[in-house]
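What follows is a single structure, written as structure tokens, with notes after it.
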């Protein structure tokens, strides 16, 4: 026993010393011992843990070593959604943001902002329970991400156990995984030595490294991390400002940006932007802008959110990167809504962190205005993840004559008269710059894209119906509109290429399952121009029933939040087409349905002012369906149970939320009771 006591003490000393060296190397870029000495300490700790397994702890540095390959990444739902930020590119947009903030806070004084670099990496959410790291996930779609916990454990800059004190029982830490510039150069050098493909840029390398099925590969990549906020559990912190939050994250052991600070008003924001812009090239990591956040947390709560972005924060992006290349051809593409877009085919050029071979020319008027022709040397711009575009030509580099001294080498671009996909007439609407194919659902380009959009996860969520299968169905003449999907048989599907009996059964089941949806999803699935997910939700909440939406005129449509004349015109045009209404009716006849809500004109909401929490799996309702029904009835859906919760709706495998509800005495409803509540309200 004395021997075990001594080795227990030695293991504790080794863990503390290794973590101290990790902090010096990864957080401060100031290693205190040579790599060989570090490896010696690491191997000694490993040997002790192998000899005495009881010494192995979840927060041991040895647990950062990669594990065996995983079969697939499980999904993980974030406790609080990971929202994106709105962007600003010009000083006037920053000044407008500051003006909106002051108006929202009813303040005439200069507002304090927390400012920091905008890292060009991969957004990550880390969950800590009782101070220990338990799981981590990518941003994903904002609500659900890919769980990459084993890979994140290999990042030595991440604390497996929080330092200090003051953390809630459960807290989500938000931040960015990235690859430092020098580490990226060294990684690509190793890739070249092994004859492997090099990475295009540090961000892609970081993202690819973190999404490895074999976490040992992730462990071999020198990834770094910076924390910049919190998700679930943040409301339990007794902090008053974002600046204090960043200091707290540092105290817990997280790397945070040294360049962060507090400034006042729009002048302070723009001065900081200029300062970081000058330092950008010298920073050890890539950034694509800076982030401004209202410093007072209470003010952030007061300002709230709009759609998928906060009102209290904005990203100020650096000017787009540009490069020169040559136009080798000009084609036209047919979009999902029939938009005809001229596209320049380019000599490959590296710009904005990627190799670009195509760039949009937007529309015929833009091509003529810029006078872009085949053979021209052009300036190509790519800003962030925006589609590359041709900014301008370089006139002095244009070939003036062909080899025989005749006419200019290439004539001006002329928009074709007919659609390259279906030979239908191409036409422009009144006061429209964009030309469109008039083929509608008869155009294969639109048909395929419309079907793919209809089946997408955020639309009707038909699992297994991807691009390649849609291509087969359309090319074989089996599907001409979304309604045709619901008439497909297993025998028909099994006869397609690479579609066995089991795959056909699964797809038929997925199509049948998709019949149970929500009104918001159905509206979004129709692919109406200018109607995204947020607008579809607003329409569903406002009208409650599809028939009410179908009967609405342009004036009525504009009563919906964030629906202006352009969106209203798109809706009116779409629903004004008889073939669109016919397809909608065929879909309903096929069995596509959703819980009908209550129109805003129908009177008071049954759940107005009520907060509900959903937990477990309900017998017939999907989580999104139940949420939509609650919101349509005026209620609010929360992700956690508290004394302010009015009801908890519980299904099978309900966990800690149900236990919390019983502990606090919050009423618990099953699905039948929930539906009764929706029909009768809370005054029973």
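The values are calculated or read from the model by the stated rules, or taken from the named source; none is laboratory data. All of these numbers come straight from a predicted model, not from anything done at the bench. FYI the Cβ positions are ideal-geometry reconstructions off the backbone, even for glycines, and counts take in every protein chain you see.
In the set (1) more than 30 Å from residue 81 (Cβ to Cβ); (2) surrounded by 13 or more Cβ atoms within 10 Å (Cβ to Cβ); (3) in contact with a helix residue (DSSP H, G or I) (Cβ under 7 Å, 6 or more places away or on another chain), the condition left unmet by residue 584 is number (3).
Considering only residues in the stretch 196-212 that are modelled with pLDDT of 80 or more and in contact with a helix residue (DSSP H, G or I) (Cβ under 9 Å, 6 or more places away or on another chain), the one that is surrounded by the fewest Cβ atoms within 10 Å (Cβ to Cβ) turns out to be 196.
When the stretch 483-539 is filtered for residues that are in a loop (DSSP other than H, G, I, E, B) and farther than 19 Å from residue 590 by Cβ, the ones remaining, listed by number, are 495, 496, 497, 498, 499, 500, 528, 529, 530, 531, 532.
When residue 525 is tested against (1) outside the structural domain of residue 558 (by TED's automatic domain parsing); (2) in contact with a helix residue (DSSP H, G or I) (Cβ under 6 Å, 6 or more places away or on another chain); (3) surrounded by 16 or more Cβ atoms within 10 Å (Cβ to Cβ), exactly one condition is not met: (1).
Out of all the residues in the stretch 559-591, which are at pLDDT 90 or above and either assigned to a helix (DSSP H, G or I) or under 28 Å from the mean Cα position of the chain (by Cα) (or both)? Before the answer, list the steps.
Looking only at the stretch 559-591, we keep the residues that are at pLDDT 90 or above, and these are 584-591.
584, 585, 586, 587, 588, 589, listed by residue number.
No other residue among 258, 275 is outside any loop (DSSP other than H, G, I, E, B) and either out of contact with any strand residue (DSSP E or B) (no Cβ under 8 Å at 6 or more places or on another chain) or touching a residue at least 12 places away in the same chain (Cβ under 8 Å) (or both) apart from 275.
The set of residues in the stretch 338-377 that are touching a helix residue (DSSP H, G or I) at 6+ places or on another chain (Cβ under 7 Å) and buried (at least 19 other Cβ atoms within 10 Å of the Cβ) comprises 338, 342, 361. When 538, 547 are checked against the criterion of being closer than 29 Å to residue 572 by Cβ, surrounded by fewer than 16 Cβ atoms within 10 Å (Cβ to Cβ) and either without any contact (Cβ under 8 Å) to a residue 40 or more places away in the chain or not assigned by TED's automatic domain parsing to the domain that holds residue 608 (or both), a single residue qualifies: 547.
For residue 215, the conditions (1) within 17 Å of residue 82 (Cβ to Cβ); (2) more than 21 Å from the chain's Cα centre (by Cα); (3) crowded, with 21+ Cβ neighbours inside 10 Å all hold with the exception of (1).
Looking at the structure I just gave you, is residue 620 touching a strand residue (DSSP E or B) at 6+ places or on another chain (Cβ under 8 Å), under 25 Å from residue 461 (Cα atoms) and not in a helix (DSSP H, G or I)? First the steps, then the outcome.
Values: touching a strand residue (DSSP E or B) at 6+ places or on another chain (Cβ under 8 Å): yes; under 25 Å from residue 461 (Cα atoms): yes; not in a helix (DSSP H, G or I): yes.
So residue 620 fits the description; yes.
Selection of the stretch 233-249 for residues being in a helix (DSSP H, G or I) and either outside the structural domain of residue 132 (by TED's automatic domain parsing) or in contact (Cβ under 8 Å) with a residue 12 or more places away in the chain (or both) yields 234, 236, 242, 243, 245, 246, 248, 249. On inspection, residue 555 passes the criterion of being under 30 Å from residue 634 (Cα atoms) and in a helix (DSSP H, G or I). Can you tell me which residue in the stretch 406-436 is farthest from residue 341 (Cα to Cα), limited to those that are at pLDDT 80 or above and outside any loop (DSSP other than H, G, I, E, B)? Checked the stretch 406-436; the qualifying residue farthest from residue 341 (Cα to Cα) is 418. Pairing each residue of the stretch 611-628 that is within 13 Å of residue 541 (Cα to Cα) with any residue that is at pLDDT below 80 and in a loop (DSSP other than H, G, I, E, B), provided the two are 6+ apart or on different chains, yields C-beta distances under 9 Å for 628/597. Restrict the check to the stretch 636-655 and report whether at least one residue is in contact with a strand residue (DSSP E or B) (Cβ under 7 Å, 6 or more places away or on another chain), at pLDDT 85 or above and farther than 22 Å from residue 232 by Cβ. Yes, that holds for at least one residue. Of the residues in the stretch 304-358, how many are at positive phi and within 23 Å of the chain's Cα centre (by Cα)? Residues in the stretch 304-358 being at positive phi and within 23 Å of the chain's Cα centre (by Cα): 4 in total. Look at the stretch 481-510: where a residue is surrounded by fewer than 13 Cβ atoms within 10 Å (Cβ to Cβ) and a partner is part of a helix (DSSP H, G or I), sitting 6+ places away or on another chain with Cβ atoms under 8 Å, you get 489/508; 491/504; 497/472; 500/494; 501/490; 501/494.
Can you name every residue in the stretch 291-328 that is touching a strand residue (DSSP E or B) at 6+ places or on another chain (Cβ under 7 Å), surrounded by fewer than 22 Cβ atoms within 10 Å (Cβ to Cβ) and not in a strand (DSSP E or B)? Selection gives 297, 300, 303, 311, 318, 320. The residue list 223, 170, 179 contains one member that is touching a residue at least 24 places away in the same chain (Cβ under 8 Å), surrounded by fewer than 19 Cβ atoms within 10 Å (Cβ to Cβ), assigned by TED's automatic domain parsing to the domain that holds residue 153 and under 23 Å from residue 137 (Cβ atoms), which is 170.
Tell me, please, whether a residue that is in a strand (DSSP E or B), on the phi < 0 side of the Ramachandran plot, modelled with pLDDT of 90 or more and under 29 Å from the mean Cα position of the chain (by Cα) can be found in the stretch 90-106.
Going through the stretch 90-106, the residues in a strand (DSSP E or B) turn out to be none.
No, the stretch 90-106 contains no residue that is in a strand (DSSP E or B), on the phi < 0 side of the Ramachandran plot, modelled with pLDDT of 90 or more and under 29 Å from the mean Cα position of the chain (by Cα).
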